[in-house]
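Structure record follows, encoded as C-alpha cells.
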Amino acid sequence: MATIEALFQDLPNLRNGDPANYTVVHIAAGIPPEFHFIVSANEPPPDDFMRYLLIEAAMYSRSMQDAGKGEDEARKHAIVLACVRLGIRRAWRITRNDLIAAQTRTPAYYGDRHNETAAMAAAVPANATAQAQAVAANAAAFPLAAVRREYNALAAIAEFAEEDVLMKLIRFGLAMPVITGVILVKTDSQHHFIAQHKNVFRAVMRQILGSGGVIPFGLEAEAFEDIVAHKSTHPINSALMIDIARNPDTKTRLMAAGLASAAVRVPAQYGPESAMSAVKNLVRKAVAIGRAANVAVDISQFEALAAGVTQDIDFRIPADRALVATRVAEFTTTHGVDLARCMGILQATCDNANIARPPLLRSYALARIAADNPAATAEGVEQMTVFYRSQRERARRGMLSGMAMFGADTPAGTDPLPTDETMTQILAAVLGSNNAQVAQPGQGQQGN
C-alpha cells in the first residue's frame with residue numbers, strides 16, 4: 001500500500017530529471033474498495049473450482065452490499081466479477097506481484113473469510129436437507145459468518161450454477177487484459193472506459209455471447225460492460241497489460257484459443273508507430289499501382305528515411321515516445337507533398353474501380369497529410385485519372401497490355417485493331433460484297 005512518505009520520496013524531478021527513472025506511485029484506489037482484486041493463496045484446483053468461485057463471489061457480494069448495493073444486484077455483479085477474474089488469473093497466470101497493491105485485498109483479508117485447508121460440503125447443495133447440512137459443515141471453512149451466509153445463499157441460486165453461462169464469463173478473462181492493454185497503448189496509459197475501449201470490448205462480447213447474445217443474469221448492458229471490461233482488469237499492473245498487448249505472440253495465442261476478436265489490434269502500436277506504419281503501407285501501395293502510370297519512386301531512399309524515424313527509440317520510455325512523435329510530425333511535414341500524391345493515387349484507383357476506399361485512407365495521420373496538401377493530393381488523382389483514361393482509349397482500339405499469373409511469362413501487348421475502312425474491306429472479303437456494305441468516305445459516319 002502506498003504511503004504519503006513513499007509518494008513524497010518518489011515525486012519525479014519534472015524540471016530536469018530523467019523520465020526513464022520515474023516511479024509511478026498509485027496514491028488512490030482508482031476503483032471503489034468493493035471491486036478490489038481478491039486473490040486466494042492457492043490457485044483453485046479444477047476439481048474444487050466452484051468452491052473458490054462462490055467464495056470469491058461471496059466476498060465481492062458482501063463488500064458490495066456493505067457499500068450500499070442491493071442484495072440481488074450485488075450477487076449478480078459479484079458472480080460476473082469472480083468468473084472473469086478467475087479466468088484472467090488462470091489464463092495469464094496472474095499473481096499478487098502482477099497487481100497494484102492499493103487495489104488488491106491482502107492475504108489476511110482472504111484468510112479471515114476463507115480457510116482453504118478446511119473440509120467443506122459440496123459447493124452447490126442438491127436440496128434443502130443437503131443445504132442445511134452444508135451450513136454446519138462449512139462453518140470452519142468460512143470464519144466470517146456474514147461471508148458464510150452469503151456463500152450459502154449464492155450456492156442455493158440455480159442460475160448461478162448454469163455452467164454454460166459461467167463458462168462464457170470465465171472466457172472473458174482470456175481477452176480482458178489484452179484489450180485493456182491495447183487501450184492503454186492507444187491512450188498512453190489512460191485507464192478509462194472510453195469509446196475506443198467499448199468498441200473493442202463489444203466485438204469480444206459478440207463473439208462470446210453471440211451476435212444476439214443475452215447478457216447474463218438479466219444485467220443492464222452498461223453495468224455488465226463496466227464490470228467485465230473495466231473493473232475486472234483495473235487492479236492489474238498497467239505495464240504488464242501493455243507488454244501483453246504489444247507482444248506479437250499474444251495474437252498467435254489468442255487466435256489459437258479461438259478469440260480472434262480480441263486479437264484484431266494486437267500487437268498494439270503507439271500513435272507515432274501507427275502513423276509511420278500507415279505511411280509505409282501507403283507508399284508501398286502507391287509504388288505498386290503507380291509504376292504502370294509513369295510514376296517513379298526511389299523506394300530504397302524512402303525506406304531508409306522512414307526507418308530513421310524510429311531508430312534508437314524505446315517505446316517503453318515516455319521521453320522516447322515524445323521524441324518519436326516529434327520525428328513523425330517532422331517527417332510527414334517534410335515529405336507531405338509526395339505522401340499526399342500517394343494518397344491521390346490510391347483514391348483515384350479505388351474510384352476508378354468503383355470500390356470502397358480502404359481503412360488505410362481513413363487513418364488519422366494520412367487524412368491530416370491530405371488535408372494539409374490538397375493540391376498535391378489532386379496531382380496524384382489527376383495522374384491516375386489521365387492514365388486510366390488513356391488505358392480506356394487503348395482498350396477501345398484493342399490495345400491490351402499483357403497479364404501473367406501463377407508464374408507465367410507476361411505476354412506481349414496486343415496490336416491495335418484495323419481502322420474502320422480496313423475492317424469494312426475485311427468483312428466484305430469474308431462475308432461477300434452483297435452482305436457487307438462498304439461505307440464510302442463521308443457516308444454513314446457521325447462526327448465525334
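FYI, it's all coordinate maths here, none of it is from the lab. Note that the structure is predicted; figures quoted are calculated from it, not measured. Quick reminder, even Gly has a Cβ in these numbers, built from the backbone with ideal geometry, and neighbours come from all protein chains shown.
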Grab the Cα-Cα distance for Asp112 and Ile215, subtract it from 0.36 nm times how many residues apart they are, and report the gain in nm with one decimal.
33.8 nm
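Treat the count of other C-beta atoms within 10 Å as a stand-in for reagent exposure and order Ile227, Ile355 from fewest to most.
Ile355, Ile227
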Net charge near Val328, counting Lys/Arg +1 and Asp/Glu -1 over other residues with Cβ under 15 Å of its Cβ?
-2
Volume per residue (Å³) of the convex hull spanned by the alpha carbons of segment 65-111 is 95
Label-point separation (nm) for Gln311 and Ala353, each offset 7 Å from Cα along Cα-to-Cβ?
3.5
For Glu225, Glu162, what's the fewest-to-most ordering of other Cβ within 10 Å of each Cβ?
Glu162, Glu225
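Please give the FRET efficiency for Ala145 paired with Ala41, using the beta carbon to beta carbon distance and R0 = 25 Å, rounded to the nearest 0.05.
Plugging the Cβ-Cβ distance into 1/(1 + (r/R0)^6) gives 0.70.
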Two-site label geometry, Met255 and Ala371: point separation in nm, points 7 Å out along Cα→Cβ
3.4
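Using the 2.2 N^0.38 Å rule of thumb for compact globular proteins, work out how segment 266-364 stacks up: its C-alpha Rg over that value, please.
1.16
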Note down the nm distance, to one decimal, between modelled labels 7 Å out along Cα→Cβ at Val386 and at Glu162.
6.7
Long-range HN-HN contacts of Phe37 with modeled amide H, under 5 Å:
Thr104, Arg105
Spread of Cα-to-Cα distances over 10 Å intervals beginning at zero, given as percent, for segment 186-298
11, 33, 29, 16, 9, 3, 0
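Given the pairs Lys69/Lys168; Lys76/Lys186; Lys69/Lys186; Lys69/Lys198; Lys198/Lys285, which span a C-alpha to C-alpha distance of over 28 angstrom in this model?
Lys76/Lys186; Lys69/Lys186; Lys198/Lys285
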Calculated from backbone phi, Karplus (6.51, -1.76, 1.60) coupling profile of segment 205-218 in Hz, x at Gly/Pro:
4, 5, 5, 6, 8, x, 4, x, x, 8, 5, x, 6, x
Residues with amide H under 5 Å of Leu99's amide H, sequence separation 5 or more or different chain, H placed in the peptide plane at 1.01 Å from N; which?
Asn237
Cα pair distances of segment 307-396 binned at 5 Å [whole percent]:
3, 14, 18, 18, 15, 11, 9, 6, 3, 2, 1, 0
For Phe142, enumerate residues with amide H under 5 Å from its amide H, sequence gap 5+ or separate chain, H modeled in the peptide plane.
Asn115
Can you give me the Cα centroid spacing of segment 317-340 and segment 357-375 in angstrom?
15
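Using the beta-carbon distance between Thr333 and Thr410 and R0 = 45 Å, what value does 1/(1 + (r/R0)^6) give for FRET efficiency, to the nearest 0.05?
Between Thr333 and Thr410 the formula returns 0.65.
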Going residue by residue through segment 310-317, the Karplus relation 6.51 cos²θ - 1.76 cosθ + 1.60 with θ = phi - 60° gives ³J(HN,Hα) values, rounded to whole Hz and with x marking Gly or Pro, of 9, 5, 6, 9, 10, 5, 6, 9
